[in-house]
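Engineer: Here it is, the structure, as structure tokens.
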């Protein structure tokens with residue numbers, strides 16, 4: 001028997017639409033809070049996307065034109081390739097175009113982030129740890145710095161960081177510093193596989 005999550009994904013796929021929790025609850029005969037909780041779980045699993053207007057839609061099994069990044073000559077080239085790949089994958093996932101843009105920080109300054117929506121309600125950055133020192137401590141400090149900076153974009157509804165390497169360092173940082181996230185999401189992108197870590 002299909003789970004509620006399976007039923008939600010099946011319904012969204014069959015209708016090819018973005019539906020809000022009320023529409024899904026009515027269509028599936030389930031209470032709205034139960035639908036909302038199931039959709040949050042599906043989003044954490046990477047099966048659906050909940051947009052800021054309240055709609056939920058499925059995530060394509062494979063992002064069109066998003067090939068896995070290939071190793072290049074040096075860390076800077078790999079970082080640029082990964083940033084472009086992350087931009088394609090996350091733009092498709094969240095149904096908006098993410099680009100390199102400035103976003104306002106608390107205190108009136110601005111900072112350039114790799115992954116910003118046109119309206120500035122989604123702000124994220126790529127954290128590439130390969131060039132951030134050779135020790136776990138220096139890489140952990142780089143993660144803390146990135147979290148601190150993106151957390152200060154108070155105009156954004158979704159603030160996040162995406163990593164594409166050093167999975168073990170990121171998870172060790174989370175085990176120690178998760179309470180510092182302040183509603184900042186952490187994602188790991190491996191090829192086309194996107195996993196929410198926090």
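Laboratory data are not the source of any read-out in this text; all were calculated from the coordinates shown. Note that the structure is a prediction, hence the values are computed from the model and not measured. Here Cβ is always computed from backbone atoms with ideal geometry, including for glycine, and neighbour counts include all displayed protein chains.
Engineer: By how many degrees, between 0 and 90 and to the nearest 10, does the Cα long axis of helix 32-44 differ from the longest principal axis of the chain?
Structural biologist: That helix lies at roughly 40 degrees to the long axis.
Engineer: Would you please classify the overall shape of the range 71-132 from the alpha carbon gyration tensor, given that a ≥ b ≥ c denote the square roots of the eigenvalues, rounded means a/c under 1.5, and beyond that prolate means a/b larger than b/c while oblate covers the rest? Numbers along the way, then the final one.
Structural biologist: Working: a/c = 3.05, a/b = 1.37, b/c = 2.23.
It comes out oblate by the Cα gyration axes.
Engineer: Using only DSSP helix segments of four residues or longer, with each worth -39500 (n - 2.57), what per-residue ellipticity at 222 nm results for the chain after dividing by its residue count and rounding to 500?
Structural biologist: Working: 6 runs with 80 residues, N = 198.
So the calculated ellipticity at 222 nm is -13000 deg cm²/dmol.
Engineer: Would you list 140, 117 from fewest to most Cβ contacts within 10 Å?
Structural biologist: 140, 117
Engineer: Hey, another quick one. For the range 126-175, just say rounded, prolate or oblate: build the C-alpha gyration tensor, square-root its eigenvalues into a ≥ b ≥ c, call rounded for a/c under 1.5, and beyond that prolate if a/b exceeds b/c, oblate if not. Before the final figure, lay out the partial values.
Structural biologist: On the way: a/c = 2.13, a/b = 1.97, b/c = 1.08.
Here the range 126-175 falls in the prolate category.
Engineer: If you take the alpha carbon radius of gyration of the range 75-196 and divide it by 2.2 N^0.38 Å, what ratio comes out, to two decimals?
Structural biologist: Values: Rg = 13.5 Å, N = 122, 2.2 N^0.38 = 13.7 Å.
It is 0.99.
Engineer: Can you tell me what share of the DSSP beta bridges in the chain is antiparallel? A percent to the nearest 5 is fine. Kindly include the intermediate steps, with their values, before the conclusion.
Structural biologist: Working: 16 of 27 bridges.
Of the beta bridges lying entirely in the chain, close to 60 percent run antiparallel.
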